[in-house]
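Let me give you the structure first, and then I'll get to my questions.
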Amino acid sequence: MPIEIKDVLSKKILTEAKGYLDVGFTHSLNPYSGCSFSCRYCYVREMPIQKFKDIPWGEWVDIKTNAAENYRSELLKLRKKNKTVNIFMSTATDPYQPIERKAAITRTILEEMIESPPDFVQIQTRSPLVTRDIDLLVELKEKCGVLVSMTIETDREDIKRIFAPSAPGISMRLKALKEVHEAGIPTQASISPVLPFSPDFPRELDGIADHIWIDTLSIGDGSMGRRSKRLGMPELFREHGLSEWYQEDIHHKVEKYFTKFFERERIRISKPEAFPIKKT
Ligand code: SF4
């Protein structure tokens, strides 16, 4: 699939956190707009950034070439005001999608963070490319809180191929998370959104993920499931005979199952009350 790639200058790179990030995060940081992983359930497809685009989601990426400079100046301003800065990178793109290999925007931001650290940064990705930056993450960990959160929404490659055919394979993600963990960087496996998985899934995550995050298509889409419905998720589950996995309380069932393998304090669960109900 051809992808339209453009360099852009962004006015700002840190966006004040609200909605589901309002659980300790103060800002989100998106080094790119658009995402070539193009997951079928991606809620960004239903957000204005995509709704008003002529090009389909997954077929365009804007590279924010001034992201690192913006980060530095915005962080300095926040520090002058004595503000805490807890960053979630990223909410509407993947910071390690394929273009990052060449553009290295995320890497440059991490270099800048080593010079001007936030209080905390969570790197949220589906990409094994994060291992390229282990050197910087190890250094950054000495200056601020760091968490690498790998999205592993299922352990089944056949299920991944239905819901996220262009995203990296599951075994590559598991291997990458292991590598990050072995480098001494705190790790999280983000089962987000919960997709059908095999009974062995918790065992595959044990020893490579310090924490487990559980989120669903009914909560994590930021509109209490409405965006997921508009994206045709109930139909997609039904078409593949998987409807029993599309339930509003699936996160509680998954949490219960995972507590057989993980201590409760290592499991974090997405809460509906963290999501303001918006008509979008
Ligand atoms: S990786 Fe994230 S931002 Fe990219 S398409 Fe998938 S869900 Fe959307």
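The values are calculated or read from the model by the stated rules, or taken from the named source; none is laboratory data. The shown structure was predicted, so the numbers you read here are calculated from the model rather than taken from an experiment. All Cβ positions, even for glycine, are placed from backbone atoms using ideal geometry, and neighbour counts span all protein chains on display. Note: areas computed on protein heavy atoms with side chains; ligands, DNA, RNA excluded. Shrake-Rupley method; radii C 1.70, N 1.55, O 1.52, S 1.80 Å.
Under 18 Å between C-alpha atoms is the cut-off here; go through the stretch 157-280 and count lysine pairs that meet it, provided they're at least eight residues apart or on different chains.
Number of lysine pairs found: 5.
Still on this structure: Antiparallel as a % of all DSSP beta bridges within the stretch 4-274, to the nearest 5?
Approximately 15 percent, going by the DSSP bridge assignments.
Under a point spin-label approximation (7 Å from Cα along Cα-to-Cβ), what is the residue 259-residue 210 distance to one decimal in nm?
2.3 nm
Sticking with this structure for a sec: Return the calculated 222 nm mean residue ellipticity for the chain, to the nearest 500 deg cm²/dmol, obtained by summing -39500 (n - 2.57) across DSSP H runs with n ≥ 4 and dividing by the residue count.
After summing the helix terms and dividing by residue count, I get -8500 deg cm²/dmol.
Quick one: Debye curve from the alpha-carbon atoms of the chain only, equal weights, vacuum; give me log10 I(q)/I(0) at q = 0.07, 0.15 Å⁻¹ to two decimals.
-0.24, -1.21
Another question about this same structure. Give me the extension gain from residue 235 to residue 271: residue separation times 0.36 nm, minus the current Cα-Cα distance, reported in nm with one decimal.
So the chain would gain 10.5 nm between residue 235 and residue 271.
Say R0 is 25 Å: what FRET efficiency, to the nearest 0.05, do residue 171 and residue 55 get from their beta-carbon distance?
Computed FRET efficiency for residue 171 and residue 55: 0.20.
Subtracting the Cα-Cα distance from 0.36 nm times the residue separation, let me have the gained length for residue 8 to residue 69 in nm, one decimal.
Taking residue 8 through residue 69 to full extension adds about 20.6 nm, to one decimal.
Here is a further query. Quantify, in whole percent, the carbon and sulfur part of the accessible surface of the stretch 4-274 (1.4 Å probe; protein heavy atoms only).
51 percent
What residue among 236, 150, 10 has its Cα farthest toward the positive end of the dipole of the chain, where the charges are +1 on Lys, Arg and -1 on Asp, Glu, each on the Cβ?
10
About the Cα centre of the chain, what is the dipole size in debye to 20, counting +1 per Lys and Arg Cβ and -1 per Asp and Glu Cβ, all else neutral?
The dipole magnitude comes to about 800 debye.
Could you report the chain's accessible area per residue, 1.4 Å probe, as an integer in Å²?
The answer is 46 Å² per residue.
Can I ask one more? Order the peptides 99-107, 139-147 from the highest to the lowest mean number of other Cβ atoms within 10 Å of their residues.
Highest-to-lowest ranking by the protection proxy: 99-107, 139-147.
Lone cysteines in the chain, going by a 4.7 Å Cβ-Cβ cut-off?
Result for the chain is 35, 144, no neighbouring Cys Cβ within the cutoff.
Among 218, 136, 82, which residue has its Cα positioned farthest towards the positive end of the charge dipole of the stretch 4-274, with +1 placed on the Cβ of Lys and Arg, -1 on the Cβ of Asp and Glu, and the dipole taken about the Cα centre?
Checking the options against the dipole of the stretch 4-274, the answer is 82.
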